[in-house]
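The values are calculated or read from the model by the stated rules, or taken from the named source; none is laboratory data. What you see is a predicted model; the values in this text were computed from it and never measured. All Cβ positions, even for glycine, are placed from backbone atoms using ideal geometry, and neighbour counts span all protein chains on display. Calculation scope for accessible area: heavy atoms of the full protein, side chains included, ligands and nucleic acids excluded. Shrake-Rupley method; radii C 1.70, N 1.55, O 1.52, S 1.80 Å.
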Amino acid sequence: MTDSRSPDLECLSLTKRFGAFTAVDDVSFEIPSGSFFSILGPSGCGKTTLMRMIAGFEEPASGDIRIKGKSVIGTPPNRRNVKMVFQHLALFPMMNVAENIAYGLRCRGADKAEITRRVGDVLERIGLPGVETKQIHQLSGGQKQRIAIARCMVLEPDVLLLDEPLGALDLKLRERMKIELKLLQHQFDTTFVYITHDQSEALVMSDRVAVMNAGRFEQIGTPQELYHAPATAFVAGFVGDSSRFSGRVEAGGTILLETGERITAAPRTGTVLPAGTTVDVFVRPDAVAARRPAELSGDAFNRIDGVLDSHLFNGAQSRALVRTGDGRMIEVGYPRPGSSENLAPGEAVALTFTPADTLCFAKKA
Amino acid sequence: MVQKDAQRLALFLLLMPFALWILLLIVLPHLGIGYLSIREKIGPRQYEFGPGNYIDFISEPIYWNTLLRTATMSVLVTVLTLFIGFPVAYYIAKVAGRRSRAGLFLLCLIPLWVSDLVRAFGWIVLLRETGVVSGFLQWTGLVSGPVEFLYNDAAVVIGLIYTVVLFMIVPIVSTLDGMDDALIEAGYNLGGSRWTVLRRIVIPYAMPGIVAGCIVVFMLTAGSYLTPILLGGKNSMWFTEQIYDQFITRYNWESGATFGVVLLAFTSFVVWLGLKLTGQNLANTVAKG
């Protein structure tokens, strides 16, 4: 608390190996105080190992972990002021709600009156006053979630780790808990590190997101940066929906797609793709508009021709499915200005998108 | 209708062996023993009903002293077995890897392949005056002459623990097996020391298994016959020995039956007391275990 600019959590070249397998490979990052940080990656990418190292359940092979500027390497898990909400919450079934929350305080040797007061306080803050004497199995999924967070927050940790805690909830509740978690984080003003494989959870809740793949961080940035300016093909493919094309860079900078169309991509800073490079091109569905070819005006757009196959109605997330020349299906955001709503299946359509919305990455050899 | 009848018949046939077992081997013998125990012998072939046998039992200190001694020793064996069995069970369920778990479990079962008699004899070979332990101590020069390790309480307790420890390990392993490792990690994460995690999380979680194990071990120990006789010799003063004496040596079936009823009632009482003292109940234990 002395220096508000110092990061709550810092990892420096953190590496962990299991035999010949490198689970976490030279990962470095720092999380500013009071922010919501997510680590997003597919299962098996090493994110759980990374979290277990921060909590102290695994020892890193090399590198350093600093909490509030102090290295915690060699500090046992029960001495680190990092608390963790487990995937299945790990509430103690043989204790009631108050005993669960009081457990950590009792470990610290707090006296009875203080424990009662602080348990009452924290239950008030999470919006569940008066549930002290309830048994764990009497709570709903969302309530259990909040009790698990309260159990950690009552100890005023420097960092709260959350290991996919929404995974076990049904869809509706998950949507609500996303918002609730974000609000709780604001309320407690504590650094949250959230681990998930669900990109929508990460995008909705986080201040910053790290995308992890095969033990490495691919990119760290705000949700907007990840979505609009992904640094690698993996990030572009993993964060948000996108249609993917293969192509080759031609002399002059245009890209010839396998479907035969020629498109341009706005250059990304710091990368030059020489002619002849094979590339992956990603386009977000909401960046693509489907129009009748006759209705097109001007030619500033990239254009792919196809035939409207069907409408996929899903409320706000409705899409149109378009079959391109090579038989591939592309999802298109819907409805759009110059709407595809009145397009009938079977009609010829032109898909247009701006070069700025065209994300182009050199294909890895 | 036909199907319903068939179902009923199937249920009836399935329950039949169980019902027969309960009736013929549990209920009937106990009724017989209960009947015998309240029958007083007043002359050759002359009997009348009364509590005389029970009064005899109470008025003869050696009888109820033997019973108390048996109960105390059984409680001691149960407690020691718990202390030995719990760490083993914890290791098998939580520390050992998935693959070695089955192997370790099997190793625990090996002693059961050998009969009680042979197992007790194994201890005799080790502990007797001319046995392995005595011989080894003489060979190392720690003692000058042969030492008798058999025929004392320690030998009986060791032998009994060896016979029953498995029945403690199995129920505890099965309860701990169902415990999510995250509970233990959460215990540490929230600031608990090893001792706190053990006392406040692992043991409460394993309680149904511990209680089940303790009941089985206590009942087996209090009702055991071979091990105390073979390892404790004439002085072992085990209550089952008294029952045997009454039935076989003295041919006093009435008295023997009385002792049997008393043993059953007393051990049941001890189990009930144990459950009360630890705040557990049988339904809880059986349902969770």
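Considering only residues in the stretch A:88-126 that are part of a loop (DSSP other than H, G, I, E, B) and more than 14 Å from chain B (Cβ to nearest Cβ), the one that is least open to solvent (accessible area, probe 1.4 Å) turns out to be A:126. Condition first: under 30 Å from residue A:77 (Cβ atoms) and surrounded by 13 or more Cβ atoms within 10 Å (Cβ to Cβ). Can you find one or more residues in the stretch B:104-118 that meet it? The answer is yes, given that some residue of the stretch B:104-118 is under 30 Å from residue A:77 (Cβ atoms) and surrounded by 13 or more Cβ atoms within 10 Å (Cβ to Cβ).
Looking only at the stretch A:237-262, residues that are in a strand (DSSP E or B) and surrounded by fewer than 19 Cβ atoms within 10 Å (Cβ to Cβ) come to 5 in all.
Table: residues versus (1) surrounded by 15 or more Cβ atoms within 10 Å (Cβ to Cβ); (2) of a type in the set (A, V, I, L, M, F, W, C); (3) farther than 24 Å from residue A:53 by Cβ.
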| site | (1), (2), (3) |
| --- | --- |
| A:184 | yes, yes, yes |
| A:190 | yes, no, no |
| A:202 | yes, yes, no |
| A:212 | yes, yes, no |
| A:227 | yes, no, yes |
| A:235 | yes, yes, no |
| A:264 | yes, no, yes |
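Checking the stated criteria, residue A:129 turns out to be away from chain B (no Cβ under 14 Å) and either open to solvent by 20 Å² or more (accessible area, probe 1.4 Å) or free of Cβ contacts under 8 Å to residues at least 40 places away in the same chain (or both). In this structure, residue B:151 qualifies as outside any helix (DSSP H, G or I) and either closer than 30 Å to residue B:225 by Cα or over 25 Å from the mean Cα position of the chain (by Cα) (or both). Of these, B:31, B:25, B:13, which one is open to solvent by 90 Å² or more (accessible area, probe 1.4 Å), closer than 30 Å to residue B:173 by Cβ and aliphatic (A, V, I, L, M)? Unique residue meeting the criteria: B:25.
Take the conditions surrounded by 13 or more Cβ atoms within 10 Å (Cβ to Cβ), away from chain B (no Cβ under 11 Å), over 28 Å from residue A:29 (Cβ atoms) and out of contact with any Gly (no Cβ under 6 Å at 6 or more places or on another chain) and apply them to residue A:139. Does it pass? It is true that residue A:139 is surrounded by 13 or more Cβ atoms within 10 Å (Cβ to Cβ), away from chain B (no Cβ under 11 Å), over 28 Å from residue A:29 (Cβ atoms) and out of contact with any Gly (no Cβ under 6 Å at 6 or more places or on another chain).
Residues considered: B:83, B:121. Of these, the only one that is open to solvent by 70 Å² or more (accessible area, probe 1.4 Å) and either farther than 19 Å from residue B:175 by Cα or of a type in the set (Ser, Thr, Tyr) (or both) is B:121. Please enumerate the residues belonging to the stretch B:245-279 that are of a type in the set (Ser, Thr, Tyr), within 20 Å of residue B:35 (Cβ to Cβ) and without any contact (Cβ under 8 Å) to a residue 24 or more places away in the chain. B:251, B:268 - these are the residues of the stretch B:245-279 that are of a type in the set (Ser, Thr, Tyr), within 20 Å of residue B:35 (Cβ to Cβ) and without any contact (Cβ under 8 Å) to a residue 24 or more places away in the chain.
Hey, does the stretch B:244-265 have a residue that's in a helix (DSSP H, G or I) and under 23 Å from residue B:152 (Cβ atoms)? For the stretch B:244-265, residues in a helix (DSSP H, G or I) and under 23 Å from residue B:152 (Cβ atoms): present. Filtering A:178, A:172 for residues that are open to solvent by less than 10 Å² (accessible area, probe 1.4 Å), out of contact with any strand residue (DSSP E or B) (no Cβ under 7 Å at 6 or more places or on another chain), of a type outside the set (Ser, Thr, Tyr) and over 30 Å from residue A:21 (Cβ atoms) leaves a single hit, A:178. Within the stretch A:273-314, the set of residues being open to solvent by 70 Å² or more (accessible area, probe 1.4 Å), among the acidic types (Asp, Glu) and either closer than 28 Å to residue A:364 by Cβ or in contact (Cβ under 8 Å) with a residue 24 or more places away in the chain (or both) comprises A:286, A:295. Filtering the stretch A:221-230 for residues that are under 15 Å from residue A:39 (Cβ atoms) and either modelled with pLDDT under 85 or part of a strand (DSSP E or B) (or both) leaves a non-empty set.
Scanning the stretch A:50-70 for residues that are touching a strand residue (DSSP E or B) at 6+ places or on another chain (Cβ under 7 Å) and within 14 Å of another protein chain (Cβ to nearest Cβ) yields A:51, A:53, A:54, A:55, A:58, A:67. Just one of (1) away from chain B (no Cβ under 14 Å); (2) modelled with pLDDT of 90 or more fails for residue A:83. It is (1). Of the residues making up the stretch A:155-169, those that are hydrophobic (A, V, I, L, M, F, W, C), within 14 Å of chain B (Cβ to nearest Cβ) and open to solvent by less than 10 Å² (accessible area, probe 1.4 Å) are A:155, A:159, A:160, A:161, A:162. Residue-level check: of (1) within 30 Å of residue A:46 (Cβ to Cβ); (2) more than 17 Å from the chain's Cα centre (by Cα), residue A:136 misses just (1). Residues in the stretch B:220-253 that are open to solvent by less than 60 Å² (accessible area, probe 1.4 Å) and at positive phi: B:233 alone. Residue count for the stretch B:184-204 satisfying the condition of being out of contact with any Leu (no Cβ under 7 Å at 6 or more places or on another chain), facing chain A (nearest Cβ under 10 Å) and part of a helix (DSSP H, G or I): 12. The listed residues are B:175, B:163, and the only one of them that is over 30 Å from residue A:75 (Cα atoms), surrounded by 21 or more Cβ atoms within 10 Å (Cβ to Cβ) and within 14 Å of chain A (Cβ to nearest Cβ) turns out to be B:175. Being of a type in the set (Phe, Trp, Tyr) and modelled with pLDDT of 80 or more holds for only one residue in A:301, A:217, A:313, and it is A:217.
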